[in-house]
Amino acid sequence: MTEITNLKHVPIVPLRGGAVFPGITTTISIGRRRSLAAAQAAVEKGGELLILVQYNSEIELPKAQDVAPIGILATVRDVLRAPHMGVQMLVELHRRVRFDTLDNHEPFMMGTYAEIANQMDSSNYEVMAQAIAYLEQYADTLGEANQQVMATTRNKTTAGQLADYIAGLLNLPFETEIKLLTTVDGVERLQVATEFLKQELRIAEIRHKIQKDAREGADKAQREYLLREQMRAIRKELGDDAESAGDELRDKIAAAGMPPHVRERAEKELKRLEYQGPQSAESGVIRTYLEWLAELPWNHVTEDNLDIHHVRQVLDTDHYGLEDVKDRIVEYVAVRKLAGNKMKGAIINLYGPPGVGKTSIATSVARAIGREMIRISLGGVRDEAEIRGHRRTYIGSMPGRIIRALRDAGTNNPVIVLDEVDKVGSDWRGDPAAALLEVLDPEQNDKFTDHYLEVPFDLSQVIFITTSNQLNTIPGPLLDRMETIFMPGYIEEEKMAIARGYLLKKQLEGNGIGHTDVSLEDVSLRKIIRHYTREAGVRHLERSIGSVVRKVAVKVAGGQNGPFTISEGDVVEFLGPEKFNYGTAEEKDEIGVVTGLAVSGFGGDTLPIEVILSEGNGKITLTGSLGDVMRESIQAALTYARANARSLGLEPTVFDHVNLHVHVPDGATPKDGPSAGIGMATAIISAFTRRQVRRDVAMTGEVTLRGKVLAIGGLKSKTIAAHRAGIKTVIIPKDNAKDIPELPESIREELTLIPVHHLSEVLELALREATEPPFAIEQRSERVNVAIPAVSGATAPLRAAEEMS
């Protein structure tokens with residue numbers, strides 16, 4: 001403990017943001033009016049002044065608790081005014097004292113202090129020598145060694161004096177300054193200062209090493225530059241003016257516009273190439289890799305044509321109809337015009353049957369907005385490396401198809417068409433569909449990383465258009481990342497417009513008679529559509545028109561000049577016998593025969609359903625390549641008929657004494673789905689009740705055990721198929737009535753669409769009145785006779801079958 005004696009009253013100057021230590025004469029800047037008045041008063045009264053240190057520099061009028069308890073007693077020698085330095089006082093710092101009281105009266109601060117008796121200070125030479133050694137090492141590291149300062153340091157006789165002198169030389173943290181100021185023990189102060197010196201020495205050594213390495217790196221770069229210039233001069237003297245492969249690659253890398261992290265990777269690989277000998281196998285791998293990096297369009301962007309009217313005009317010129325696709329592209333251009341580069345590229349899946357123009361509309365999109373178009377066929381692709389590329393460790397490795405497409409396009413915002421995305425397979429080599437998840441995800445594809453490149457490439461500005469004939473083979477996560485637009489088949493009027501406006505001209509040009517006057521009569525074109533094609537698209541129609549045009553080309557080549565008008569008879573002559581029958585699905589009303597509607601990968605089509613009964617024991621036979629769901633629909637329909645047998649005029653036990661055979665023609669084609677439910681139920685009930693089914697009625701809808709008719713999908717394709725087959729009335733689920741406004745106008749005008757809620761409504765609409773009684777079971781002693789109706793086409797009904805009861 002120390003003793004406080006001799007309280008004295010002196011002016012006080014509180015310091016902000018730093019401390020001073022005794023043993024030196026220095027200048028202190030004065031910024032406050034009261035501090036200047038205190039300094040001037042001290043000069044007038046003999047120069048004695050108490051310097052205290054504030055804890056918080058923002059306090060203007062500090063109180064006793066706001067300053068450190070230990071201060072420095074000083075003598076003010078002079079108050080100086082400098083033009084650029086402000087007001088400063090020249091003070092001689094004597095010793096530590098303990099401040100006692102503080103009075104904040106005008107015009108300056110006054111207070112009392114007491115001497116600190118028995119201050120512990122000693123000449124601990126070991127600690128002092130260590131501190132001096134660290135100080136000298138620190139000064140040498142900084143390159144600021146001063147012989148006079150070091151001599152003054154060695155002249156200090158006590159540890160406390162040395163600590164105060166070193167503290168005055170260093171740029172200490174404020175907390176450390178307060179600790180040194182308030183520590184009375186000199187050896188302890190010196191230990192604190194030495195510890196700080198050690199830390200600063202380590203930092204200085206690290207900084208010195210970094211600076212040294214930087215200088216050496218700069219010297220090495222300059223040396224390599226001089227050597228390279230000398231090598232260029234030597235090659236020039238030898239008559240070889242061509243630059244080395246490394247120089248060519250360096251120029252390509254500089255001109256490629258790579259992002260900083262990619263260029264850093266390229267330059268690193270270039271240095272590896274320069275270290276490799278020309279005969280090294282590794283040099284060829286590195287060179288190929290660098291050429292790929294340099295050839296990619298990192299910052300090459302195609303300027304979009306954002307004129308909405310121009311885009312719409314190009315799309316209308318190239319394709320008839322397809323309004324949904326055209327509207328989506330126009331929306332993209334409009335938003336791109338307003339949002340600029342903030343908008344990411346579109347990812348669109350065009351889904352529909354073959355031949356409706358999915359791939360060709362993608363080409364028109366690229367032409368309309370002025371972008372490059374690259375088509376990638378994914379049909380049958382089973383290797384994930386086709387998308388992501390191979391790693392460079394493999395011989396003959398190369399980037400995947402996406403990166404190769406960008407290199408070929410020469411721009412980083414082309415239109416990339418991923419054709420037949422629904423036919424991607426998977427095996428032991430990986431799943432390409434999983435690799436497409438990153439490519440087609442707007443939240444991830446801005447950092448798409450190919451296995452070969454191993455650096456990210458931004459795909460966010462690319463417009464991806466995928467095409468597919470069906471959706472059930474596309475993985476759910478992949479389908480979720482795409483905006484699906486359904487492209488149904490064309491109706492007859494649309495096919496005629498496409499044939500006249502596009503297909504005929506294309507075939508005339510393709511067969512060398514573009515300047516010849518060739519016309520197709522409406523009746524001739526309609527005959528081709530109805531009797532020589534049956535498709536959702538126009539691919540077969542184009543082939544048929546091509547066959548007709550080639551016959552005309554033979555005539556032109558034989559010397560005839562035309563004009564040529566193709567009549568209905570000419571169509572039969574050129575194309576041969578009719579291949580398809582046009583009209584209702586059935587020629588007459590029949591028992592147990594219903595026209596259903598279905599959707600396949602080729603669009604909508606009619607689906608005849610046949611039911612025949614034969615004597616037996618209740619066996620059910622299902623043929624026609626029916627799937628599990630369709631089989632379950634038949635079971636549900638039969639259960640409904642059994643449950644409502646009496647209301648249908650049937651004996652419930654009749655179902656146990658006849659065999660039921662349900663057949664859907666075109667047996668080689670697999671069929672599945674629940675939408676044929678009401679068709680199956682109607683055919684079964686027609687067979688049991690002997691009521692004929694109207695041939696001009698088609699139906700689609702799922703049926704429940706209670707007879708409710710549930711909604712189905714693909715209504716547009718199914719109604720187009722019904723219209724194409726000459727059907728007049730189509731029964732649809734009531735829940736699908738909301739989809740009727742989206743159907744083509746000609747479909748709505750020429751078809752009678754009847755929404756139904758229950759199977760009883762379907763039976764009332766589709767079945768004729770019975771001309772003969774329904775099945776009945778006659779009880780004769782121990783035998784049961786079942787009346788079996790005549791099979792369609794037979795001359796007489798089958799005789800009753802006898803069974804033991």
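Translational diffusion coefficient of region 106-217 (Stokes-Einstein, Kirkwood radius from Cα pairs, 4 °C, 1.567 mPa s): 83 µm²/s. For LYS198, the lysines whose Cα falls under 23 Å of its own Cα, not counting residues fewer than eight places away in the same chain, are LYS156, LYS179, LYS209, LYS212.
Since only THR75, ILE685, GLY400 are under comparison, the one whose Cα sits farthest along the positive direction of the charge dipole of the chain, derived from C-beta charges on Lys, Arg, Asp and Glu, is GLY400. Placing +1 on the Cβ of every Lys and Arg and -1 on the Cβ of every Asp and Glu, with nothing else charged, gives the chain a dipole about its Cα centre of roughly 380 debye. For LYS220, go through the aspartates and glutamates and keep the ones whose alpha-carbon is under 17 Å away, minus same-chain ones fewer than eight residues off. By straight Cα distance, LYS220 reaches GLU229, GLU267, GLU274.
When the surface is traced with a 1.4 Å probe over the full set of protein chains, THR26 keeps roughly 40 Å² accessible. Average accessible surface for region 360-416: 41 Å² per residue, computed with a 1.4 Å probe over protein heavy atoms with every protein chain in place.
Subtracting the Cα-Cα distance of GLU454 and GLU615 from 0.36 nm times their residue separation leaves 50.8 nm of extension gain. Considering only protein heavy atoms and a 1.4 Å probe, what is the carbon-and-sulfur percentage of the accessible area of the chain? Of the solvent-accessible surface of the chain, carbon and sulfur hold 49 percent. No solvent, one uniform scatterer per C-alpha: report log10 I(q)/I(0) for region 347-392 via the Debye equation at q = 0.31 1/Å, two decimals. Scattering profile of region 347-392, log10 relative to I(0): -1.16. For the set PHE99, PHE580, PHE448, solvent exposure ranked by accessible area (probe 1.4 Å, protein chains only) runs largest to smallest as PHE580, PHE99, PHE448. Highest average first, the peptides 617-629, 339-351 ordered by how many other beta carbon atoms sit within 10 Å of their residues are 339-351, 617-629.
Ranked by solvent-accessible area (1.4 Å probe, protein heavy atoms only, all chains present), the residues THR719, THR182 order from largest to smallest as THR182, THR719.
Given N residues in region 472-534, what is its alpha carbon radius of gyration divided by 2.2 N^0.38 Å? Normalised Rg, Cα atoms only: 1.68.
When the Cα positions of LEU270, GLY370, ALA159 are compared along the charge dipole of the chain, GLY370 comes out farthest toward the positive end, with charges on each C-beta of Lys, Arg, Asp and Glu. I want to check the label-to-label distance for LEU7 and ASN299. Put each point 7 Å from Cα in the C-beta direction and report it in nm to one decimal. Label at LEU7, label at ASN299, 7.6 nm between them. A Cβ-based charge dipole, computed about the Cα centre of region 111-188 with Lys and Arg at +1 and Asp and Glu at -1, lands at about 140 debye. With viscosity 0.692 mPa s and temperature 37 °C, the Kirkwood radius over alpha carbon pairs of region 34-78 converts through Stokes-Einstein to a diffusion coefficient of 288 µm²/s. Distances over 27 Å make up what percent of all Cα-Cα pairs in region 45-179? More than 27 Å apart: 34 percent of the Cα pairs in region 45-179. LEU710 exposes around 60 Å² of accessible area when a 1.4 Å probe is run over every protein chain in place.
Within the shell of other residues whose beta carbon sits under 12 angstrom from the beta carbon of TYR165, the net charge comes to +2, with Lys and Arg scored +1 and Asp and Glu -1.
Remark: region 455-577 is approximated by an ellipsoid whose semi-axes, taken from the C-alpha gyration tensor as √(5λ), come to 39, 19, 11 Å, largest first. R0 = 56 Å: FRET efficiency of ARG539 with ARG272, Cβ-based, nearest 0.05? Efficiency at R0 = 56 Å is approximately 0.60. Between TYR452, THR302, VAL556, whose Cα lies farthest towards the positive end of the dipole of the chain when Lys and Arg beta carbons carry +1 and Asp and Glu beta carbons carry -1, centred on the Cα centre? Value computed over the given set: VAL556.
Using Cβ point charges alone (K and R +1, D and E -1), the dipole size of region 1-89 about the Cα centre works out to roughly 220 debye. Note on ARG312 and LEU226: with the Förster distance fixed at 60 Å, the Cβ-Cβ geometry gives a FRET efficiency of about 0.45. Note on the chain: Rg/Rh from Cα positions, Kirkwood definition for Rh, rounded to two decimals, is 1.30. When the convex hull of its Cα atoms is viewed from all sides, region 394-503 shows a mean projected area of 9.7 nm². Summing charges over neighbours of PHE574, with a neighbour being any other residue whose Cβ is under 9 Å away from its Cβ, gives 0 when K and R count +1 and D and E count -1.
Once you have a ≥ b ≥ c as the square roots of the Cα gyration tensor eigenvalues for region 521-612, tell me rounded if a/c is under 1.5, and otherwise prolate or oblate according to whether a/b is larger than b/c. Prolate, because a/c is 1.5 or more and a/b exceeds b/c. Take every Cα pair under 8 Å whose residues are at least 6 apart in sequence, average their separation, divide by the length of the chain, and the relative contact order is 7 percent. Fully extending the segment from ALA339 to ARG81 would add 86.7 nm, taking 0.36 nm per residue of separation and subtracting the current Cα-Cα distance.
Neighbours of ALA557, meaning other residues whose beta-carbon lies under 14 angstrom from its beta-carbon, give a summed charge of +3 when Lys and Arg score +1 and Asp and Glu score -1. By its C-alpha gyration tensor, with a ≥ b ≥ c as the square roots of the eigenvalues, how is region 265-327 shaped: rounded for a/c under 1.5, else prolate for a/b larger than b/c, else oblate? Judged from the Cα gyration tensor, region 265-327 comes out prolate (a/c at least 1.5, a/b above b/c). I need the shape label for region 594-727. Rule: rounded when a/c is under 1.5, else prolate if a/b > b/c, else oblate, with a, b, c from the alpha carbon gyration tensor. Verdict is prolate for region 594-727.
Near THR752, the amide H atoms lying under 5 Å from its own belong to THR729, VAL730; only residues 5 or more places off or on other chains count, and H is placed 1.01 Å from N. Note on surface exposure: ASP422, ASP458 rank ASP458, ASP422 by accessible area, highest first, 1.4 Å probe.
Separation of region 278-338 and region 699-730, taken as the distance between their Cα centroids, equals 41 angstrom.
Measuring between their Cα centroids, region 206-220 and region 345-395 lie 51 Å from each other. The stretch between THR565 and THR176 holds 129.4 nm of extra length on full extension. This uses 0.36 nm per residue minus the Cα-Cα distance. Convex hull volume per residue, computed on the Cα atoms of region 646-787, equals 126 Å³. Rolling a 1.4 Å probe over the protein chains gives LEU170 an accessible area of about 30 Å².
Partner lysines whose Cα lies under 24 Å from the Cα of LYS326, excluding those fewer than 8 positions away in the same chain, are identified as LYS337, LYS342, LYS344, LYS358, LYS495, LYS505, LYS506, LYS716, LYS718, LYS738. Using a 1.4 angstrom probe, figure out how much accessible area region 624-748 has per residue, in square angstrom, rounded to the nearest whole. On a per-residue basis, region 624-748 sits at 38 Å². Here is how the number arises for the chain: DSSP H runs of 4 or more residues each give -39500 (n - 2.57), the sum is divided by the residue count, and the result at 222 nm is -12500 deg cm²/dmol. Report the calculated FRET efficiency for THR473 and ALA643 (r = Cβ-Cβ distance, R0 = 30 Å), to the nearest 0.05. Efficiency, from the Cβ-Cβ distance: 0.20.
The values are calculated or read from the model by the stated rules, or taken from the named source; none is laboratory data. Quick caveat: nothing in here was measured; it's all calculated off a predicted structure. FYI the Cβ positions are ideal-geometry reconstructions off the backbone, even for glycines, and counts take in every protein chain you see. These accessible areas exclude ligands, DNA and RNA; they are computed on the full protein's heavy atoms, side chains included. Shrake-Rupley method; radii C 1.70, N 1.55, O 1.52, S 1.80 Å.
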